[in-house]
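Before we start, here is the structure in question, set down as structure tokens.
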């Protein structure tokens, strides 16, 4: 009857599955983010042991294992964050396990469960969602694992340390830069981000405090939202140049909008207008170097990545830190742009 | 292919025998995977991790249970991901206004996706549109409905009562696992102990014969799509509850995992053959392998390839068995 064929059939399935699992065990290294230089050499290490595929930069066995659950590596910013974390991890001889949630809350929750099951020594959480990622915090703390939150934070504040920036600071720095450029006097137009977004609120507050409140001769003559977009910013600026020829400076709450404004300003030949942005994206850094954009405020993601790993290791070793380890933004002008933009 | 033993009366015995072999074969595959994984990774065989696996497969499991019914009738449903989203956003919007209205949210969400399932069912029967096309259309329409309903933005879920569904525990067991078990039990009962269940097999096995013998084929199919829709709605609510957010873009791609589980579990895409137990084993195999690969830190990109290969393998084996 059909028995022979059927026995063969599930034998085939068994073999296939076993093959795949063995392949996976050997290929486990493929899952790691690029480690500094040790990628090729790391393969032959403790393969079938309980570590399962690890790649650390050196040949000594790593001191600790730190898991990081991130947003999406497809974002430049997050990619830079993870790279700097990996650099620091290699330096400290620590193994870094990177989980990319591809911006999906469910993936992040599953990945955190995973890291907990793997009994990592510490976890660095780059939360996908303020509310959605909170259950992960509960579980991590219930398992007694030190938790560092990086860049974004969660509604559940039981993390040990937050490493990131003070959102208002970027607005304050932008205000100080403008005050300097305008010599304490002038007309400023403000391009806002999406209204209600936390960065729009905090950067706006910072700018108000450091510029308009302190320098009564600097006037805010108009403001409008360009929703963080370059093209919206460009058309609004074109409009403004018609209606408000007396503008001396344009402050934009992010670099994308600043670049849009810059294009409009240059097209109208108004090179007297000072344009300042925030973020430090490559386009903006280049424009500062070329003397077109007056200044931007750099979010020092490299420093944040390194600090996160340092703090995580410190927590494992029993050190204590402030609840919030804030990394400063860096004001970038023509004078110092070369340090940060190659 | 072997030989001349293919006389008609023996066919049903062969089919039963090969179904049994396939069923036990699958369980063996599952056990083998578990054994291999527990050797490779010592994080695998812990209560904590196994509960994680069960919780992680619950949503796909509920979808697969519904999909089994659909595939048994020789149909397919590509719209379940979008139905999940519709249900999720409706339920989320209800508890946003009234955090305790969990029951209402459940009813509304499940009813909405059940109705949409009925629409697909009608399209693929009375309007004679092939299920693949009908559900493909519903996939995009329902997604559009979810996006319009929410203006494209997710609805945060603060209600702890609602969140309990996806995040809570009953003893050591996560709530979604309990719900999955209940759903499996109820649908299995319908499939094996009721006339309706037998009609499902009949319609899938030979639609003309079923029709001729007095079974109301269209009605059976429409109800199957309604049930499947409702179960998708339940799964969507569980997902929303787990991530604390009713997202119009949730459920994207979930239909693939559901179909994979059903196919691996031995249900034939041609209809009429398959078991609920097979589907459950299929769900578990996918879950265990996913979990194992995660614990070994295999990148998710490789995991997709591996999963695809397993599905292809299972379908090929299914076709060869059917021809025998």
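The values are calculated or read from the model by the stated rules, or taken from the named source; none is laboratory data. Worth saying up front: this structure is predicted, and the values here are computed from it rather than measured. Every residue, glycine as well, gets a Cβ built from its backbone with ideal geometry; the counts of neighbours run over all protein chains shown.
Out of curiosity, is residue B:299 at the interface with chain A (Cβ under 9 Å from one of its Cβ atoms), modelled with pLDDT under 90 and under 30 Å from residue A:137 (Cα atoms)?
Judged against the criteria, residue B:299 is a match.
Conditions tested, residue by residue: (1) at pLDDT 95 or above; (2) more than 19 Å from the chain's Cα centre (by Cα); (3) assigned by TED's automatic domain parsing to the domain that holds residue A:66.
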| residue | (1), (2), (3) |
| --- | --- |
| A:87 | yes, no, yes |
| A:100 | no, no, yes |
| A:145 | yes, yes, yes |
| A:171 | yes, no, no |
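I'd like the full set of residues that are part of a helix (DSSP H, G or I) and touching a strand residue (DSSP E or B) at 6+ places or on another chain (Cβ under 6 Å), limited to segment A:235-260.
Within segment A:235-260, A:236, A:240, A:255, A:257, A:258 meet the criteria.
May I ask you to say which residue of B:88, B:108 is buried (at least 17 other Cβ atoms within 10 Å of the Cβ), more than 20 Å from the chain's Cα centre (by Cα) and closer than 26 Å to residue B:162 by Cβ? Talk me through it step by step, then tell me what you get.
Values: B:88 fails: more than 20 Å from the chain's Cα centre (by Cα).
Just one listed residue meets the conditions, B:108.
Can you go through A:232, A:176 and tell me which one is part of a helix (DSSP H, G or I), surrounded by fewer than 20 Cβ atoms within 10 Å (Cβ to Cβ) and at pLDDT 95 or above?
A:176
Take the conditions without any contact (Cβ under 8 Å) to a residue 24 or more places away in the chain, assigned to a loop (DSSP other than H, G, I, E, B), more than 23 Å from residue A:206 (Cβ to Cβ) and assigned by TED's automatic domain parsing to the domain that holds residue A:73 and apply them to residue A:318. Does it pass?
Spelling it out, residue A:318 is indeed without any contact (Cβ under 8 Å) to a residue 24 or more places away in the chain, assigned to a loop (DSSP other than H, G, I, E, B), more than 23 Å from residue A:206 (Cβ to Cβ) and assigned by TED's automatic domain parsing to the domain that holds residue A:73.
Among (1) more than 16 Å from residue A:175 (Cα to Cα); (2) surrounded by fewer than 20 Cβ atoms within 10 Å (Cβ to Cβ); (3) modelled with pLDDT of 95 or more, there is one condition residue A:220 misses while meeting the rest; what is its number?
Of the numbered conditions (1) more than 16 Å from residue A:175 (Cα to Cα); (2) surrounded by fewer than 20 Cβ atoms within 10 Å (Cβ to Cβ); (3) modelled with pLDDT of 95 or more, the odd one out for residue A:220 is (1).
Which residue pairs have Cβ atoms closer than 9 Å, lie 6 or more positions apart in sequence or on different chains, and pair a first residue in segment B:28-46 that is more than 10 Å from chain A (Cβ to nearest Cβ) with a second residue that is modelled with pLDDT of 85 or more and part of a loop (DSSP other than H, G, I, E, B)?
Close Cβ pairs (under 9 Å, with a partner that is modelled with pLDDT of 85 or more and part of a loop (DSSP other than H, G, I, E, B)) amount to B:34/B:44; B:34/B:45; B:38/B:44; B:38/B:45.
Among the residues of segment A:290-310, is there at least one that is out of contact with any helix residue (DSSP H, G or I) (no Cβ under 6 Å at 6 or more places or on another chain), crowded, with 18+ Cβ neighbours inside 10 Å, in contact (Cβ under 8 Å) with a residue 24 or more places away in the chain and farther than 24 Å from residue A:172 by Cβ?
Yes - at least one qualifying residue is present in segment A:290-310.
If you go through segment B:176-196 one residue at a time, do you hit one that is within 14 Å of chain A (Cβ to nearest Cβ), under 21 Å from the mean Cα position of the chain (by Cα) and more than 16 Å from residue B:82 (Cα to Cα)?
yes
Which of the numbered conditions does residue B:56 fail, given that it passes all the others? Conditions: (1) under 23 Å from residue B:173 (Cα atoms); (2) in a helix (DSSP H, G or I); (3) at the interface with chain A (Cβ under 8 Å from one of its Cβ atoms); (4) modelled with pLDDT under 90.
(4)
Related question: Residue B:235 fails exactly one of the following numbered conditions: (1) facing chain A (nearest Cβ under 8 Å); (2) within 17 Å of the chain's Cα centre (by Cα); (3) under 30 Å from residue B:160 (Cα atoms). What is the number of that condition?
Result: residue B:235 passes all but (1).
Sticking with this structure for a sec: Restricting to segment B:165-214, and then to whatever is touching a residue at least 40 places away in the same chain (Cβ under 8 Å) and not in a helix (DSSP H, G or I), can you tell me which residue is surrounded by the fewest Cβ atoms within 10 Å (Cβ to Cβ)?
For segment B:165-214, the residue satisfying everything is B:172.
Being surrounded by fewer than 24 Cβ atoms within 10 Å (Cβ to Cβ), modelled with pLDDT under 95 and farther than 26 Å from residue B:176 by Cα: is that true of residue A:83 here?
Yes, satisfied.
Can I ask one more? Within segment B:64-84, is there a residue that is within 14 Å of chain A (Cβ to nearest Cβ), surrounded by 24 or more Cβ atoms within 10 Å (Cβ to Cβ), under 20 Å from the mean Cα position of the chain (by Cα) and in a helix (DSSP H, G or I)?
Yes, the conditions are met somewhere in segment B:64-84.
Residue A:166 - would you say it is surrounded by fewer than 19 Cβ atoms within 10 Å (Cβ to Cβ), in contact (Cβ under 8 Å) with a residue 60 or more places away in the chain, more than 9 Å from every other protein chain (Cβ to nearest Cβ) and in contact with a strand residue (DSSP E or B) (Cβ under 6 Å, 6 or more places away or on another chain)?
The answer is yes for residue A:166.
Let me ask you something else. Take the residues of segment A:79-135 that are out of contact with any helix residue (DSSP H, G or I) (no Cβ under 9 Å at 6 or more places or on another chain) and part of a helix (DSSP H, G or I): which is farthest from the other protein chains (Cβ to nearest Cβ)?
A:90
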